[in-house]
Amino acid sequence: MVFLRGFKSRAMVHLRVKAVASIGIGLWALTAVGQGVAAECAPVAIPKHYGPYDYVSEHSHVGIVDAFHFTPKVESLMGGESGYLGGDLSYTLNASPNHHRALAAIMRWGMKTKSLQPPELKYSIECYFDRATRFRPKDTVVRSLYALYLAQLKRPAEAVQQLDYAAVVVDDNAASHYNIGLTYFELGEFEKALQQAHLALKLGYERTELADRLKQVNRWKEPAE
């Protein structure tokens, strides 16, 4: 099983299946409290804190955060750079709430620690996803990651809702439709995965991995003329 790694691109177009699928739904189980995001979840803009900056478009600002707080050591969960690991991850996600790679990192850390709020992380993992969706509602990478996290928490209906929203706001971005389809596949939503595969193909996206996976479970259909 490949874990969530390699979010090197700041845009949706290079999100790969191994990155999206790597969460490993069912690999571990958490007892979710079922109360949604905690009432004390932080606002998007934290007073006197650097940011918030968009991970996709504000590269120079996010790069400063990465250089001091989201280094390869932190991303690989080997330890903190400026202090505790949780402190650096918290700082990164406070400065850039939709930081794709940092969100992926806290998901891996949650799996590793079997915790809804790993040590030294200021807020729960779900709180950081809530902040990310409030900050950039149309960020489909955030929605896909959040969907996989909700699936881990045994909340499949909410997970699908995140993807359904992403599928609506993505417009005509072929790669995004394709990647949303990959996430639908991971959730077992094969018909919706097929729809996204057809849309991506219609928009000129030629990768075949999603089609191949649907064929493996006998759910692929050629698009209508």
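The values are calculated or read from the model by the stated rules, or taken from the named source; none is laboratory data. Quantities reported herein were computed from a predicted structural model and do not represent experimental measurements. Ideal geometry is used to build each Cβ from the backbone, glycine not excepted, and the neighbour counts take in all protein chains shown.
Numerical summary
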{"item": "Unmet criterion (only one of (1) over 21 Å from A159 (Cβ atoms); (2) touching an Asp or Glu at 6+ places or on another chain (Cβ under 8 Å); (3) touching a residue at least 60 places away in the same chain (Cβ under 8 Å)) for S90", "result": "(3)"}
{"item": "The range 93-114, residues that are surrounded by fewer than 18 Cβ atoms within 10 Å (Cβ to Cβ) and without any contact (Cβ under 8 Å) to a residue 60 or more places away in the chain", "result": "K112, T113"}
{"item": "Filtered residues of the range 198-225 (kept if in contact (Cβ under 8 Å) with a residue 24 or more places away in the chain, outside any helix (DSSP H, G or I) and small (G, A, S))", "result": "G204"}
{"item": "Count of the range 146-169 residues which are free of Cβ contacts under 8 Å to residues at least 60 places away in the same chain and either surrounded by 20 or more Cβ atoms within 10 Å (Cβ to Cβ) or closer than 17 Å to E191 by Cα (or both)", "result": "15"}
{"item": "Selection count where residues are surrounded by fewer than 17 Cβ atoms within 10 Å (Cβ to Cβ) and either closer than 20 Å to A167 by Cα or among the basic types (K, R) (or both), scope the range 115-138", "result": "4"}
{"item": "Enumeration of residues in the range 51-67 that are under 19 Å from L85 (Cα atoms) and buried (at least 16 other Cβ atoms within 10 Å of the Cβ)", "result": "V62, V65, D66"}
{"item": "Filter pass, Y184 being more than 28 Å from E58 (Cβ to Cβ), modelled with pLDDT of 95 or more and either part of a helix (DSSP H, G or I) or touching a Lys or Arg at 6+ places or on another chain (Cβ under 6 Å) (or both)", "result": "yes"}
{"item": "Tally of residues being more than 12 Å from the chain's Cα centre (by Cα) and surrounded by 24 or more Cβ atoms within 10 Å (Cβ to Cβ) across the range 170-181", "result": "4"}
{"item": "Selection within the range 52-66 - among the small types (G, A, S) and not in a helix (DSSP H, G or I)", "result": "S57"}
{"item": "Helices (runs of 4 or more DSSP H) (entirely within the range 67-165) containing at least 3 residues that are of a type in the set (D, E, K, R)", "result": "100-113, 125-135"}
